[in-house]
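> Quick one: this structure, given as structure tokens, is what I'll be asking you about.
The values are calculated or read from the model by the stated rules, or taken from the named source; none is laboratory data. Please read all numbers here as calculations on a predicted model, not as lab measurements. Here the Cβ positions follow ideal geometry from the backbone for every residue, glycine too, while neighbour counts run over all protein chains shown. These area figures cover heavy atoms from the full protein model, side chains too; ligands, DNA and RNA do not enter into them. Shrake-Rupley method; radii C 1.70, N 1.55, O 1.52, S 1.80 Å.
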Amino acid sequence: MKYETQKVAYPFFVAALLLFVAQIIFGVLAGVVYVFPNFLSEAMPFHIIRMSHTNLLIVWLLIGFFGATYYLLPEEAEVEIHSPTIAYVQLGIFVFAGAAALIGYQFGIHEGRHYLEQPLWVKILLTISFLMFLYNASRTLLNGRKTAISTVLLLGLWLAAIFWLFAFYNPANLALDKMYWWYIVHVWVEGVWGLIMASLLAYLVIKLTGVDREIIDKWLYVIVGLVLFSGLLGTGHHYYWIGTPAYWQPIGSFFSALEVLPLFAMVIFAFYMFWRGQRDHPNKSAMLWTLGCAVMAFFGAGVWGFMHTLSFINYYTHGTQITAAHGHLAFFGAYVMLNLAIMTYAMPHLRGKLPYNQMLNMWSFWLMTAGMAFMTFTLTFAGVIQTHLQRVMAINFMVVQEDLELFMVMRLISGVIVLIAVLMFVYALLGRAKEQVPAEGAPHIAPAAAV
Amino acid sequence: MIEGLTRNAARNVFYGGSLFFFVVFVSLTVHSHYYIVTQSTDSAGLNESVRHGKEVWEKHSCINCHSLLGEGAYFAPELGNVWQRYGGLNNPDAARAGIKAYIRIQPTGVPGRRQMPDFGLSDEELDALVDFFEWTSRIDTQGWPPNDAG
């Protein structure tokens, strides 16, 4: 760690990890309700569990992005963070608002659009915190060297904040409501968050492989170009059946099919750079998460997205378990693994130790990835059956759901495995450091040489 | 594939291209906004009761179990066409009474069956909610869903 204020990232990562654990606990609870429908039906009905699960996801991912930005910005800009105080206050506000929303949900205090259930005052606090972050990070960037990585990262975060403002607009006309709702949800995860993902991956690749920045920068611009060229009009794949014009069917089909390209480019980029790179970085688990992120994002967001994105297929699959399968693997591959990769890389520096607990971290990688993959397979099979029975055979929804029980049992099992893997990950990062490096990677490189 | 491209050229293509696609995207949504207001939805019929029904829908976060025009959770049935499913096209009064009665008897408490909570809706709120469903069922959704099962 070259710069003192990089340590600002530490409480962000700790908060993100704790909320991650809570998110997965709510996920497992929801999985239990699918198998035992009477479970908690009075104390905590399904809609409360689900909004807790999805909101925690968004909140911890954002806190992770904030932490990642504070960690890499001093190195990229070659200056200290403008104001660590603003950073800590901003984190406090964000965590307080997120926790207040979560507790309120348990008492039925919420708004009604999915992912945007936070009460108005919570939304305002989140916005204030986000703007404080952007001010702090932008001031830091303007004080120092402006690299492609930090510029693209901040552009992504600024655009995320700007599109978030549509959360305050809720027209009475349902079709309008839905159309602008996607301005937040789609433009975030399949648009501007792509800039955050590509720039954080590029940072990790530079650090872990030592490949020349000139080459990395060029790849970064090509990838984020592909993200927005395909992703913006790719929003059209949500505009097929909600009262929007028919021209979205060809436009959305064509451009969202192209959304696979930037994801594929990220896989090629990551593997090519690791193959080319000369540096034998001791943090093997960070390398594993970085490569894993690119690969699983390609499958979750790319392949599973493409599976139901063409309008004539989506006509049958829209709003079935196919969507749930895609949503789970896409979020996990693209954004969860990205955060875990950067935490795995940064934590040893933040805690002032050699890469540690690597074996446990790598076990959690394989267990978590396998669990998520299995969950995705079970939901995909459930979705295919549901699509056929309900959309083709016109059988009643609840009757069809009873036929999916086997898959829901298997999904619950995979969810429990993911929870175990998450706890292993948290212990590997925050717990006592037992091992220094994996057995075969004897400490022939001093940590200082591997920054 | 990338050798012939300089870093600055890549950067300029990114900024220029993104701006271009952003303008196209916003222009199309502006047109879609106009299309929704004038063609695909019943703007004139968007009365106080329908608005109130949407508020009831949101207050209880129905979207976190049900789906509406295919969006939401997938835990409970699609409601964008619940009006048709209850025969509202042929017999509106019976459909209204049927939907209201169904909501009133929740939760069923039947073991092994998904439970919908009792939200304690008043008669006026139930009517508004049904008006919202009826209004929603008339949105031109390009023929979706494929059948009454939703």
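> Once the convex hull of the alpha carbons of the range A:258-336 is built, what does its volume come to per residue, in cubic angstrom? It would help to have the intermediate numbers written out before the result.
Details: hull volume 5.5 nm³, N = 79.
In the range A:258-336, the Cα hull volume divided by residue count equals 70 Å³.
> Shielding by partners for A:232-239, please: the mean number of other protein chain Cβ atoms within 10 Å of each residue's Cβ.
Values: counts 9, 5, 2, 3, 4, 0, 2, 4.
For peptide A:232-239, the averaged partner shielding equals 4.
> Within the range A:1-95, report the trypsin sites (Lys or Arg not before Pro) that DSSP leaves as loop and that have at most 12 other Cβ atoms within 10 Å. Present the calculation step by step, with values, prior to reporting the outcome.
On the way: sites: A:K2, A:K7, A:R50; in loops: A:K2.
When the trypsin sites (Lys or Arg not before Pro) of the range A:1-95 are filtered for loop state and at most 12 Cβ neighbours within 10 Å, A:K2 remain.
> With Rg and the Kirkwood Rh both taken from Cα atoms, where does Rg over Rh land for the range A:3-90?
On the way: Rg = 17.7 Å, Rh = 14.7 Å.
Here Rg/Rh amounts to 1.20.
> Let me ask something additional. Between A and B, buried accessible area summed over both sides at probe 1.4 Å, in Å² to the nearest 100?
In total, this chain pair buries about 6600 Å².
> Give me the accessible area of A:I251, 1.4 Å probe, in Å² rounded to the nearest 10.
Approximately 40 Å² for this residue.
> How much of A:H388 can a 1.4 Å solvent probe reach, expressed as accessible area in Å² and rounded to 10?
Result for A:H388: roughly 100 Å² accessible.
> Taking Cα centroids, how far is the range A:155-186 from the range A:208-282 in Å?
Here the two parts' Cα centres lie 22 Å apart.
> Please list A:I109, B:I139 from largest to smallest accessible area, probe radius 1.4 Å, with all protein chains kept in place. Present the calculation step by step, with values, prior to reporting the outcome.
Details: A:I109 95, B:I139 10 Å².
Output order, biggest surface exposure first: A:I109, B:I139.
> Still on this structure, please answer the following. Relative contact order of the range A:1-146: what whole-number percent is it, with Cα pairs under 8 angstrom and at least 6 residues apart?
Numbers: 166 pairs, mean separation 45.9, N = 146.
Answer for the range A:1-146 is 31 percent.
> What is the projected area of the convex hull of the Cα atoms of the range B:1-40, averaged over all directions, in nm²?
Values: hull surface 14.4 nm².
Average projection, Cα convex hull of the range B:1-40: 3.6 nm².
> Can you bin the range A:85-189 into rounded, prolate or oblate? Criterion: square roots of the alpha carbon gyration tensor eigenvalues sorted a ≥ b ≥ c, rounded for a/c under 1.5, prolate for a/b above b/c, oblate for the rest. Don't jump to the answer; show the numbers that get you there.
Values: a/c = 3.11, a/b = 1.44, b/c = 2.16.
Note, shape of the range A:85-189 comes out oblate.
> Ignoring ligands, DNA and RNA, please state the percent of accessible area on the protein assembly as shown from carbon and sulfur, probe 1.4 Å.
Numbers: 15230 of 22180 Å².
On the protein assembly as shown, the fraction of accessible area on carbon and sulfur atoms equals 69 percent.
> Okay, moving on. Give the cross-link partners of A:K353 among the aspartates and glutamates, using a straight C-alpha distance below 14 Å as the criterion and excluding same-chain residues fewer than 8 apart.
Cross-link targets: A:E435.
> Show me A:336-348, B:51-63, A:84-96 ranked by packing, highest mean number of other Cβ atoms within 10 Å first.
On the way: A:336-348: 26.8, B:51-63: 20.1, A:84-96: 17.6.
The densest-packed peptide leads the list: A:336-348, B:51-63, A:84-96.
> Compute the accessible area per residue over chain A, keeping the other protein chains in place, probe 1.4 Å, unit Å². Each step should come with its number before you reach the end.
Values: 15230 Å² over 451 residues.
It amounts to 34 Å² per residue over chain A.
> Per-residue accessible area for B:R96 at 1.4 Å probe radius, Å² rounded to 10?
B:R96 exposes around 60 Å² with every protein chain in place.
> Here is a further query. Inside 10 Å of the C-beta atoms of A:220-231, what's the mean count of C-beta atoms belonging to other chains? Each step should come with its number before you reach the end.
Values: counts 4, 10, 7, 2, 5, 10, 2, 2, 9, 6, 1, 3.
Average per residue, whole number: 5.
> Which of rounded, prolate or oblate describes the range B:44-137 when judged by the alpha-carbon gyration tensor and an a/c cut-off of 1.5?
Working: a/c = 1.44, a/b = 1.36, b/c = 1.06.
Rounded.
> Kindly tabulate the residues in the range A:172-216 with an accessible-area decrease of at least 50 Å² between the chain alone and the assembly of all protein chains, using a probe of 1.4 Å.
Buried by 50 Å² or more upon assembly, which counts only protein chains, are A:A172, A:N173, A:L174, A:L176, A:K178, A:Y183.
> Scale the Cα Rg of chain A by the rule-of-thumb value 2.2 N^0.38 Å and send over the ratio, two decimals. Spell out each step's value before the answer.
Numbers: Rg = 21.5 Å, N = 451, 2.2 N^0.38 = 22.4 Å.
In units of the 2.2 N^0.38 Å rule of thumb, it is 0.96.
> Another question, then. Around B:E78, which amide H atoms from residues at least 5 apart in sequence, or from another chain, sit under 5 Å from its own amide H, with H modelled in the peptide plane?
For B:E78, whose amide H was placed from the backbone, the distant partners under 5 Å are B:S67.
> Leaving out ligands and nucleic acids, note down the accessible area per residue over chain B with a 1.4 angstrom probe, in whole Å². Spell out each step's value before the answer.
Details: 6950 Å² over 150 residues.
Result: 46 Å² of accessible area for each residue.
> Using a 1.4 angstrom probe on the protein heavy atoms only, line up B:D42, B:D123 by accessible area, largest first.
Details: B:D42 50, B:D123 80 Å².
Putting B:D42, B:D123 in descending order of accessible area: B:D123, B:D42.
> Right, another one. Quote the relative contact order of chain B in percent (integer), defining contacts as alpha-carbon pairs under 8 Å separated by 6+ residues.
On the way: 135 pairs, mean separation 43.3, N = 150.
RCO, chain B: 29 percent.
> What's the average, rounded to a whole number, of partner chain beta-carbon atoms within 10 Å of each residue's beta-carbon in A:244-251? Could you put the intermediate results ahead of the total?
Working: counts 12, 10, 5, 4, 4, 1, 0, 3.
Per residue, the number of nearby Cβ atoms from other chains is 5 on average.
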